[in-house]
Amino acid sequence: MKIVIWGCIIGIASMILLWTLGETLWWWYLWSKSTRSVTTSQMPWQNAVIFLTGISNYTSEDLAPEQKYFLQELGDRIDVDLIIATPFPYDSSTAREFSRWQIWQYLGGRELPLWLISLYNFWQTVLVTILEKIYGNTIARCISNRLGTAASLDSNLWLICGSIGAGLALAAAPILREELQVNLIIIAYGGVFKASAGFDAVDRFYQLTGSQDNWAKLGKFIFPGRWFPTGAYARAIRENRAIEQSTGTHQHLEYLSDRQSLISNSTYRILTLNTITQLSIWQEKGVEI
């Protein structure tokens, strides 16, 4: 009897994993196809910020409220030419096509449950790990299309990322650096990433971590290459291009939350904003705070 029960559990789990993998691959195919033509024309920019969220709802056209508030407040604090604050890589035609085949909707579901979003994130992590160059090329093409043209070789591109968004940014970094010829800075809060070759392409990589963020800590063990004394990540650390900063005593999903810090009068979102805007790299690159 126990064997039958365990067999059913394993069978159901396998079906769910295959289902979400299939949807993730289909989603990737659709938005990859949509990036083969430029979708957005921007004025030339000197300093641009693009937000790569780690939360995967493939059909959502809006960021979560806490992400919107975070980016609005960041825009009020820094003087940059362009902030792209939309779900990445949301595209209306892609979302419509994907929705036609998304099983969750056929099951009567409306809002995606956290477990489904987590599985989407899991498969993105797998893709960006084992197919980094191919996946990164698609990400870079999508980012380039949204950005338009840099004003000069001294232009600065800031990628602000949550969770697996850090891995996506690193995968795209070599191609972005080669094609755009700009300074590239990644700011990751709770970043989950491997010892990517992308570290050789960034001017600075900041990893913001909460002391109770077990997912960010787990990333160090999931990707043992981060412990190696050689490679792009090790070089970035030695050259002081990969830097870790604390944002308080909070968990993985609380970097942008309105929850009050236990040791200050600020919310965790304000603490994250304060940490980001106090980074010296803004002034080094000529951005007014």
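Working from Cα pairs under 8 Å separated by at least six residues, relative contact order for the stretch 50-203 is 26 percent. Taking the centroid of alpha carbons for each part, the stretch 96-173 and the stretch 189-212 are 16 Å apart. A straight chain from Leu131 to Ile289 at 0.36 nm per residue would run longer than the Cα-Cα distance by 53.1 nm. Between Ala242 and Phe205, Ile237, the built amide H atoms are under 5 Å apart, and every one of these is 5 or more places off in sequence or on another chain. DSSP assigns beta bridges within the stretch 135-224; of those with both partners inside it, close to 0 percent run antiparallel.
Against the longest alpha carbon principal axis of the chain, how many degrees, from 0 to 90 and to the nearest 10, is the axis of helix 165-180 turned? Helix 165-180 sits at roughly 50 degrees to that axis. Normalised by the number of residues in the stretch 187-228, the mean separation of alpha-carbon contacts (under 8 Å, six or more apart) gives a relative contact order of 51 percent. Within the shell defined by Cβ-Cβ distances under 10 Å, the residues around Pro87 carry a net charge of -3, with Lys and Arg each +1 and Asp and Glu each -1. Applying the Karplus relation 6.51 cos²θ - 1.76 cosθ + 1.60 with θ = phi - 60° to the stretch 212-225 yields 3J(HN,Hα) values of 10, 7, 6, 5, 5, 5, 4, x, 5, 8, 5, 10, x, x Hz, where x marks Gly and Pro.
With θ taken as phi - 60° and the Karplus curve 6.51 cos²θ - 1.76 cosθ + 1.60 applied, the whole-hertz 3J(HN,Hα) list for the stretch 117-127 is 4, 5, 5, 4, 4, 4, 5, 5, 4, 4, 4 Hz, x standing for glycine and proline.
Helical runs (DSSP H, four residues minimum) scored at -39500 (n - 2.57) apiece and divided by the length of the chain put the mean residue ellipticity at 222 nm at -15000 deg cm²/dmol. Checking the Cα-Cα distances for Lys2/Lys217; Lys68/Lys133; Lys33/Lys194; Lys33/Lys285 against a 32 Å cut-off, the pairs over it are Lys2/Lys217; Lys33/Lys285. Taking θ as phi - 60° and the Karplus parameters 6.51, -1.76 and 1.60, the scalar couplings of the stretch 252-263 work out to 4, 8, 10, 4, 10, 7, 8, 5, 6, 5, 6, 10 Hz in sequence order, x denoting glycine and proline. The reciprocal of the average 1/r between distinct C-alpha atoms defines the Kirkwood hydrodynamic radius, which for the chain equals 19.8 Å. The alpha-carbon positions of the stretch 120-161 define a convex hull whose volume is 93 Å³ per residue.
For Glu178, Glu132, the ranking by accessible surface with the largest value first comes to Glu178, Glu132, using a 1.4 Å probe. Ordered from largest to smallest accessible area (heavy atoms of protein chains, 1.4 Å probe), the residues Phe228, Phe51 come out as Phe228, Phe51. Between Ser118 and Ser261, the simple spin-label model (points 7 angstrom out along Cα→Cβ) gives 2.8 nm. Express in % the proportion of alpha carbon pairs of the stretch 147-289 at distances exceeding 28 Å. Of all Cα-Cα pairs in the stretch 147-289, 19 percent lie more than 28 Å apart. Measuring with a 1.4 angstrom probe and ignoring ligands and nucleic acids, Leu17 comes out at about 70 Å² accessible.
Using only Cα atoms, tell me the angle between helix 132-147 and the longest principal axis of the chain; keep it within 0 to 90° and round to the nearest 10. For 132-147 against the chain, the angle is about 60 degrees.
Rg ratio for the stretch 64-154: its Cα radius of gyration over 2.2 N^0.38 Å, N being its residue count, equals 1.36. Over all other residues within a Cβ to Cβ distance under 10 Å of Ile289, the charged ones net out to -1, with Lys and Arg as +1 and Asp and Glu as -1. Summing +1 for each Lys or Arg and -1 for each Asp or Glu, what net charge is found among the other residues whose Cβ lies under 12 Å from the Cβ of Pro174? Neighbourhood net charge equals -2.
The values are calculated or read from the model by the stated rules, or taken from the named source; none is laboratory data. Just so it is clear, the structure is predicted and the values come from calculations on it, not from any experiment. All Cβ positions, glycine included, derive from the backbone under ideal geometry; neighbour counts span all protein chains shown. Calculation scope for accessible area: heavy atoms of the full protein, side chains included, ligands and nucleic acids excluded. Shrake-Rupley method; radii C 1.70, N 1.55, O 1.52, S 1.80 Å.
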